[in-house]
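Values in this text are rule-based calculations from the coordinates and carry no lab data. In this text the structure is predicted, and so the values were computed from the model without any measurement. Cβ sites come from the backbone with ideal geometry, for glycine too, and all protein chains shown count toward neighbours.
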Amino acid sequence: MKRDQKFFDMYSLVIGVLALFAVAIFVLAMKMSDLTQGVYTAGSEEYQASIEERIRPFGTVLLPGQEAEAAGPTVPVAATVEPVATALTGPQVYNEACITCHGAGIAGAPVVGDVAGWTARIDQGDDMLYDHAINGYTGSAGYMPPKGGRLDLSDQEIRDAVDYMVVESR
Ligand code: HEC
């Protein structure tokens, strides 16, 4: 009986020490996790922020007008190149659009360089010639189509062409 009692005492002591040891390890582990992962303690603001950063969606849908709220890199937009409006010179217009008729006198067109054919026309004044060249004109000799059929040309280009034709026909 004495020996049983001794065993029991010893047994209780060992169990007690083991239990203490377990509690000590548990407390130590808590302390260590606080020290090493303090920032990431669940529930802390930093922890929350770090989660939000990781699960942040890739992109967002912005409706028109919300562009200013868009974060992130803005794609540089290449400067729009203004199309260079190259106005044709008088001779260029003439060679492109008028020479078909006015070069050879087709359909009654007064030939450029034919002074006699142009004197009466030139005497009408530039404004009348411009008007007839830009808006078209049907005279006794034939039909002059508006802008010689080249409606894509500007009024100024037509005036320059008329000036050129007049100078060449004086
Ligand atoms: C389809 C043929 C044709 C083309 C192309 C043409 N003309 Fe004429 N043009 C005529 C004819 C025909 C007349 C003479 C009309 C008349 O007096 O009866 C004329 C007359 C004119 C006159 C004299 C108008 C007047 O009041 O006497 C001018 C200026 C003139 N053309 C400018 C031009 C110019 C500038 C172009 C080119 C942009 C051009 N024409 C292209 C047929 C043409």
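When the chain is described by a simple charge dipole with +1 on each Lys and Arg Cβ and -1 on each Asp and Glu Cβ, the residue from Gly125, Val115, Gly105 located farthest towards its positive end is Gly105. Taking Cα centre as origin and charging only the Cβ of basic (Lys, Arg, +1) and acidic (Asp, Glu, -1) residues, the dipole magnitude of the chain rounds to 1480 debye. Residues Glu53, Glu168 in ascending order of nearby Cβ atoms (within 10 Å, fewest first): Glu53, Glu168. Length gained on full extension, Gln66 to Val27: 8.8 nm, using 0.36 nm per residue less the C-alpha separation. Sorting Lys147, Lys2 by the number of Cβ atoms found within 10 Å of their own Cβ, with the fewest placed first, yields Lys2, Lys147. Farthest toward the positive end of the dipole of the chain, out of Thr86, Val162, Gly43, is the Cα of Gly43, where the dipole comes from beta carbon charges about the Cα centre.
Potential lengthening of the chain between Gln37 and Ser140 amounts to 26.8 nm, from the contour at 0.36 nm per residue minus the alpha-carbon distance.
Each residue of segment 90-168 gets 76 Å³ once the volume of the Cα convex hull is shared out per residue. Mean-square fluctuations from a GNM of the chain, with a 10 angstrom spring cutoff on Cα atoms, peak among Pro145, Pro57, Pro83 at Pro57. Basic side chains Lys and Arg get +1 at the Cβ, acidic Asp and Glu get -1 at the Cβ, and with that the dipole of segment 2-55 about its Cα centre reaches some 640 debye. Put in line by how crowded their Cβ is, counting other Cβ atoms within 10 Å and starting with the fewest, His132, His102 read His132, His102. The angle between the Cα long axis of helix 45-54 and the longest principal axis of the Cα atoms of the chain comes to about 50 degrees, rounded to the nearest 10.
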